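Just below is one structure, and these are the notes that go with it.
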Amino acid sequence: MGTVTPFPLPTGRQPSQIGFERVELTRILDLYGRMVAAGHWRDYAIEFSRDAAIFAAFRRATERPEIRIEKRPDLRNRQGMWALVNEQGMVLKRGHELGPVLAPVERRLMKLIEE
């Protein structure tokens, strides 16, 4: 009863957009919630496109995002499909798994809580 079967795509055809899986989005939103509770972030945005799914976190709604968490499945076999990008667009961390890519933000959260 609880099994969800994905709709099959024709072979050789890419999905029309990339998205986050429930476990991935839960992990990202958990981190976001802790950063909001620490008083650091106040807003977020999610973008789904043909190439990537992007979660952006903002200190204030009128600024550029402080960080972006990007999922690009095309890079899965090369550098890893996950990337942490800073406000200037520089890639801070890239990897095959979400946990290690989020580690720098979680370390910053620990510093915010200690202060």
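We did not get these values from a lab; they are worked out from the coordinates using the rules stated. Bear in mind that the values here come from a model prediction, so they are computed numbers and not experimental data. Quick reminder, even Gly has a Cβ in these numbers, built from the backbone with ideal geometry, and neighbours come from all protein chains shown.
Overview of values
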item	result
Projected-area mean, region 47-115, by convex hull of Cα positions, square nanometres	5.2
Calculated from backbone phi, Karplus (6.51, -1.76, 1.60) coupling profile of region 52-63 in Hz, x at Gly/Pro	8, 10, 10, 10, 10, 10, 10, 6, 9, 5, 8, 9
Within region 1-108, GluC sites (Glu not before Pro) in DSSP loop having at most 14 other beta-carbon neighbours inside 10 Å	Glu21, Glu63, Glu87, Glu97
Per-residue HN-Hα couplings for region 73-88 [Karplus 6.51, -1.76, 1.60; θ = phi - 60°; Hz; x = Gly/Pro]	x, 5, 8, 3, 8, 9, 9, x, 7, 9, 9, 10, 10, 7, 5, 7
Calculated volume of the Cα convex hull per residue in Å³ (choose from (i) 93; (ii) 134; (iii) 244), label	(ii)
Residue (of Ile28, Val101, Ile46) at the positive-pole extreme of the chain, dipole from beta-carbon charges	Val101
Gyration tensor verdict on region 15-69 (Cα atoms; rounded if a/c is under 1.5, prolate if a/b is larger than b/c, oblate otherwise)	oblate
Magnitude of the charge dipole, the chain, Cβ model with Lys/Arg +1 and Asp/Glu -1, debye to 20	200
Longest site-free stretch - the chain; sites: trypsin sites (Lys or Arg not before Pro), DSSP loop, at most 12 other Cβ within 10 Å	79-115
Mean ellipticity per residue at 222 nm, deg cm²/dmol - from DSSP H runs of n ≥ 4 across the chain, formula -39500 (n - 2.57)	-9500 deg cm²/dmol
